[in-house]
Amino acid sequence: MLHDRRMSLSFVAVIFAWLLGISGAWADADHCAVCRKPLEGKFYMWEDRVEHQRVAVCAKCTALPICYVCGVPTGDDRTRLPDGRVLCARDRETVVLDEDKALDICREVKELMDRQFSRFISIPDSNVVVSVIDRVNLMELFKTPGNDLSCPNALGYTERKTNNLQTTYHIHLLSGLPESSLKAT
């Protein structure tokens with residue numbers, strides 16, 4: 001009986017903590033997700049693609065540039081990449097902006113793929129060139145004569161070149177991607 005009483009008390013404590021968490025989330029819905037000021041008058045709901053939740057944004061903040069990663073307007077503490085993309089302060093901390101770090105991640109992914117698929121294929125080392133480029137240069141790679149349409153969501157581009165019976169693979173990756181997206185690409 002004492003055991004049952006402890007179980008019910010711990011269950012009540014868990015429910016109480018859960019309710020406190022919900023009330024905190026409701027209180028946060030009264031403030032703009034960008035400027036953190038109380039919402040007054042018109043406000044808009046935006047989908048945060050990183051947190052996978054809807055956030056309230058005041059009318060004034062909707063005029064700010066949109067973060068490339070999360071899709072929510074950025075605050076005053078934002079970073080503009082050379083190709084025009086904008087990152088909010090939160091997402092700036094999660095993206096890979098250093099080319100050397102991006103190339104290290106590519107080497108890690110290659111090693112993981114080598115281990116995973118070693119029974120079936122061998123992934124070459126010598127004839128692969130990996131580069132990290134901005135959106136402007138990535139979109140230029142997709143342009144072909146007579147075809148001026150391109151995908152705005154391209155994260156990378158692979159091209160195979162043959163010269164004197166030597167095949168080389170050029171892998172171009174978009175700069176400023178979150179580490180998980182860079183690994184997946």
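The values are calculated or read from the model by the stated rules, or taken from the named source; none is laboratory data. Worth saying up front: this structure is predicted, and the values here are computed from it rather than measured. As a convention, Cβ positions derive from the backbone with ideal geometry for all residues, glycine included, and neighbour counts pool all protein chains shown. The area values use the complete protein model at the heavy-atom level, side chains included, leaving out ligands, DNA and RNA. Shrake-Rupley method; radii C 1.70, N 1.55, O 1.52, S 1.80 Å.
General observations
- Residue, least open to solvent (accessible area, probe 1.4 Å), within segment 67-123, restricted to residues that are of a type in the set (S, T, N, Q) and in contact with a strand residue (DSSP E or B) (Cβ under 6 Å, 6 or more places away or on another chain): 74
- Meets criteria (over 26 Å from residue 166 (Cα atoms) and either in contact (Cβ under 8 Å) with a residue 12 or more places away in the chain or in contact with a Gly (Cβ under 7 Å, 6 or more places away or on another chain) (or both)) for residue 73: yes
- Here residue 154 passes the criteria (1) within 21 Å of residue 184 (Cβ to Cβ); (2) outside any loop (DSSP other than H, G, I, E, B); (3) open to solvent by less than 40 Å² (accessible area, probe 1.4 Å) except the one numbered (2).
- Restricting attention to segment 93-127 and to residues that are part of a helix (DSSP H, G or I) and among the acidic types (Asp, Glu), the residue that is farthest from the chain's Cα centre (by Cα) turns out to be 114.
- Within segment 55-64, being open to solvent by 40 Å² or more (accessible area, probe 1.4 Å) and touching a strand residue (DSSP E or B) at 6+ places or on another chain (Cβ under 6 Å) holds for 62, 64.
- Answer residue from segment 24-45, given it is more than 20 Å from residue 94 (Cα to Cα) and either in contact with a Gly (Cβ under 7 Å, 6 or more places away or on another chain) or among the charged types (D, E, K, R) (or both) and is modelled with the lowest pLDDT among those: 28
- All conditions in (1) at pLDDT 90 or above; (2) part of a loop (DSSP other than H, G, I, E, B) hold for residue 76, with the sole exception of (1).
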